[in-house]
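Written below as structure tokens is the structure these notes are about.
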Amino acid sequence: MKYRFLCRFFFIRRSIAIFKESGYNEENWKNREIQPHETGGIVHGSERTVNRNGNDLGIYEWDDRTYGKDGLCAAEGSVRGFASPETYFPRVVPESESISSEKLTQMLRELAAARHTDMHHLLVLRNGHVICECNFAPYRSGIWHATYSMCKSITGMAAGFLISEGKLSLDENVYDIFEKRNGLLQKILRPNLTVKHLLTMKSGVQFNEMGVVSGNDWVDSFLNAPVKGTPGEAFEYNSMNTYLLSAIIQERTGMKMVDYLRPRLFEPLGIRKVFWESCPAGITKGGWGLFLCPEDAAKLGVMYVNGGKFEGKQIVPAEWVAASTSVHATPPEKMGKYGYGYQVWMEERPGSFAFNGMLGQNVLGYPDTGVVIVTNAGSNELFQTCEMLDIVRKYFGAEFGAELKSGEAESPMAYQKLVQTCRDLEGAKETPGRILRGGWKRRTPGPRNSGTPRQIDMAQLLHGKEYKMEDTHVGMFPLTLQVFHNNFSDGICRIGFFYEKGRFFVKLTEGEKTQRIEIGLTGSKVVEWVENEESYLLGTTGQFAENEDGELVLKLEFAFLEEAARRRVKIIFQRDFERIRLEWNETPGKDLIIEGLESLVTDVAIAPLLPSRFRERSLDMIHLLMAQTIEPMVEAHRVRPGEETETEEAAAEVESAAAVENAENAEETV
């Protein structure tokens, strides 16, 4: 019973999945056809854009990036004549913007080596020019990424638009805006809760993200929730404050916030690849649920650094930019040390700001230096006080200054080292071709390398082998994503391995659906995984090894390219391949989830609801539960053609006999 109580707060069983229709029901989702280049980390291909009903919205094409003496250049792409959002900003050599290539190389290496940081994308701009761009393997350019709470800052911009249009004011009482929803008790006892309190995270309302499992009407739940203290007194981070701002915009305009923003923000900035989830009532979630490409996120930062202007046109009112990037609240130091504005975090350097989302989604802006930095990651840390941002601050924080004197010579060698570092981190691999008679000029292109001889031998050895799981509670979809998307796995019941025409595949069966996934033995492969009719892009890699007992081990990694999560499994082959053991884990991992659940159990609003014995033993139970849930171990046995039917028939006979025996025992008891 105690385990079930904890699961209700975090994993949310399918039986209470009340907002199943809220995830991807109204906007277009991209199904991509990606063809990896021979270099592995740089891609060439096309995307067919379709909505959830399968209606074709056109083809988006892109080409691979090239590295030349003029900088990290990008070939022009098009979306029905529009500029490619991934290559909007010019690419230049860093020294042309008075930043050394050596500094950027050092920062990239530190980020890649950081223990708690799992980098996906990094984009560094100065004065509207890209001086460094790296897509850490297996993550690719041209693919949008979950922003999580980073999109709160965009919701704040929407509120700024509405205020500048005279349709809303900072001091307006939230309960008055939703007057028709108020009951008698709210009209008598309601506090003075204003729009400004929502913007500054000072509402004190106790309906938070965990409460969305309790019903479909999140607005009513928010308005009827108790308020701790007096609104405006204390900072208490709550995504439902941002959600209510979105609901206010829809209430005042009759439009979903994402639609309200299209002509005011997205279209003027050329942002066309955007998807924002809605709640069960059809209101844009506001505080989370936005997917955006890194370069489009950079447009938001460049605009804010320039006081709301983009390409000389005022997009967001300058007054709102100034107000939103000023300190209006003081968060706990473990969340952020520099202050909080209107849905915007302040940064270390005076005047700097951050649009911040958990696990490493950031747009960092430094108005006095013209620098904008975009990060996407899947780190094991939540807020601003984190390893990744500490590294960025080391290079671009309070101590940053123009490094090169005007006219100082550039360093081609340092720049080439930066280029090579990016290529290495992107997983680019080049195979030299054969040299024919006539010398180097007559060399042939290198073949597509599908694995070293040993890796190929091991893959061939596994061909045709299939196994049946002895426990089916573990699924392919990471547990964090099951919760975020309310999309729950049926659990893997079978796994098989195939090597065909130089390509290695893993076949997985969940419930009644079987999918074959190609595995990259050198570099990564980009494939599609479908979870309950929702498609996700995966970057897959595999590696064979031996453990200390001489057993064959296959290590597989599945990176969800649009998300901040990876799934890993180590498969140990035992008893002459008759049995296997699968050891699973995921990123973000156990430590981060335990931290969140520990804070949940000790929360002043929730702890009194727990039995005293549960409170005493809860932390130990959390650690045990997480070890079994986030890092499960599953056994499986080999099945051959014809054997499975006999085994299933025998199992059915045993189950039937057991049922008869139980019925007889029940009658005797009565």
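What's the ranking of 196-203, 412-419 by average number of surrounding C-beta atoms within 10 Å, highest first? Spell out each step's value before the answer.
On the way: 196-203: 24.4, 412-419: 16.8.
The densest-packed peptide leads the list: 196-203, 412-419.
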Binned at 10 Å from zero, the C-alpha pair distances of the stretch 315-394 give percents of 18, 55, 24, 2
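Mind checking the full-extension length gain between E209 and E534? Use 0.36 nm per residue of separation minus the Cα-Cα distance, one decimal, nm. Display every interim value, and only then the final one.
Working: separation 325, 0.36 × 325 = 117.00 nm, distance 2.29 nm.
Using 0.36 nm per residue and subtracting the Cα-Cα distance, I get 114.7 nm.
Using the reciprocal of the averaged 1/r over all distinct C-alpha pairs, how large is the Kirkwood radius of the stretch 233-340 in Å? Walk me through the numbers on the way to the answer.
Numbers: mean 1/r = 0.0646 Å⁻¹.
In the stretch 233-340 this quantity evaluates to 15.5 Å.
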With a 29 Å threshold on alpha-carbon distance, the violating pairs from K180/K334; K167/K285; K167/K202; K299/K570; K273/K334; K103/K202 are K180/K334; K299/K570; K273/K334; K103/K202
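Applying 1/(1 + (r/R0)^6) with R0 = 30 Å to the Cβ-Cβ distance of E410 and K313, what FRET efficiency is obtained, to the nearest 0.05? Spell out each step's value before the answer.
On the way: r = 33 Å, r/R0 = 1.09.
Between E410 and K313 the formula returns 0.35.
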The simple spin-label model distance between H473 and R190, using points 7 Å out along Cα→Cβ, in nm, is 4.6 nm
Cα-based Rg/(2.2 N^0.38 Å) for the stretch 306-349, rounded to two decimals, is 1.33
In Å, the Kirkwood hydrodynamic radius from C-alpha pairs for the stretch 521-583 sits at 13.1 Å
Here, D457 and T230, labelled 7 Å along Cα→Cβ, have an inter-label distance in nm of 7.8 nm
Once both label points are put 7 Å beyond Cα along the C-beta direction, the R109-R262 separation in nm becomes 4.8 nm
A 1.4 Å probe over the protein heavy atoms gives the stretch 337-426 a carbon and sulfur accessible-area percentage of 52 percent
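The values are calculated or read from the model by the stated rules, or taken from the named source; none is laboratory data. Keep in mind it's a predicted model, so treat the numbers as computed, not measured. All Cβ positions, even for glycine, are placed from backbone atoms using ideal geometry, and neighbour counts span all protein chains on display. When the accessible area is computed, the model is the full protein with side chains, heavy atoms only, and any ligands, DNA or RNA have been set aside. Shrake-Rupley method; radii C 1.70, N 1.55, O 1.52, S 1.80 Å.
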